[in-house]
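Here is the structure we will look at, set down as structure tokens.
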Amino acid sequence: MQELKGIIQAIYPLDNESIQEILQITTIKELNGGELLIELGKRNQSEYFLLKGICRSYLLSPDGEEVTISFFNEGTVLSPYVTRTSDGISIINFQALTNIVIGEMDSFEFLELMVQNAETREFGNSVLRLELQKKVQKEVNIATLTAKERLEIFREDYPGFENLVPHLTISSYLGITNVSLSRLRKNKS
């Protein structure tokens, strides 16, 4: 549970009592690489901490191709329940890309903690702000940067992922073809 405490404290420093309340409603689970954690169209009312491994969110294009929306590395919080569901039904897939260890808690139990505790509420609001900032920055990058610049930012944000994550998954995240990614990697800067 030290990893979980570290994630919480990195986002918003909570006192020990508030952390203990979160730990009491959190269970630890393991998934194998390739497994779906959250499936599009299925009911899901949990919040997740990624303690170990790499995960992604993705959708299918009209042509049936996987389009990676976000990557998550260990020590982060997955997109909050309120941003990835509609009426409790998932609007996006989340997949373990490597073996992962997650902390899972019921979103309604967490909401109750937020109502009762101002510190926990600020932690939850901080998670939402970080999620929004991350999504807006990705949109700005796709609209204003070259593919080479987007790849450089990807490398900074996710060091080592090129050796751990399928290149087709990376190219879809960057908004380029796999062939373009291959060319960029050959002309490595």
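No value in this document is a laboratory result; all are computed from the given coordinates. This structure is a prediction, so every number in the text was calculated from the model and none was measured. A quick note on method: Cβ atoms are made from the backbone with ideal geometry, for glycine too, and the neighbour counts reach across all protein chains shown.
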- Tilt of helix 147-157 relative to the longest C-alpha principal axis of the chain, in degrees (0 to 90, nearest 10)? 30
- Item | region 127-172-region 39-59 distance, computed between alpha-carbon centres (Å) | 18
- Cα axis of helix 118-144 to longest principal axis of the chain: angle in degrees, 0 to 90, nearest 10? 10
- Task: Report the Stokes-Einstein translational diffusion coefficient (µm² s⁻¹, integer) for region 32-102, Rh taken as the Kirkwood radius over Cα pairs, at 25 °C with viscosity 0.890 mPa s.
- Result: 202
- Counting residues in region 37-189 as N, plug N into 2.2 N^0.38 Å and put the Cα Rg over that result. 1.11
- Query: Could you give the angle, 0 to 90 degrees to the nearest 10, between helix 107-116's Cα long axis and the longest principal axis of the Cα atoms of the chain?
  - Reply: 50
- Would you calculate a helix-derived [θ] at 222 nm for the chain, using -39,500 (n - 2.57) for each DSSP H run of n ≥ 4 and dividing by the full residue count, to the nearest 500? -14000 deg cm²/dmol
- Item | For region 125-174, alpha-carbon Rg and Dmax in angstrom | 11.9, 34
- Relative to the Cα centre, what is the charge dipole magnitude of region 1-134, using +1 at the beta carbon of each Lys and Arg, -1 at the beta carbon of each Asp and Glu, and rounding to the nearest 20 debye? 220
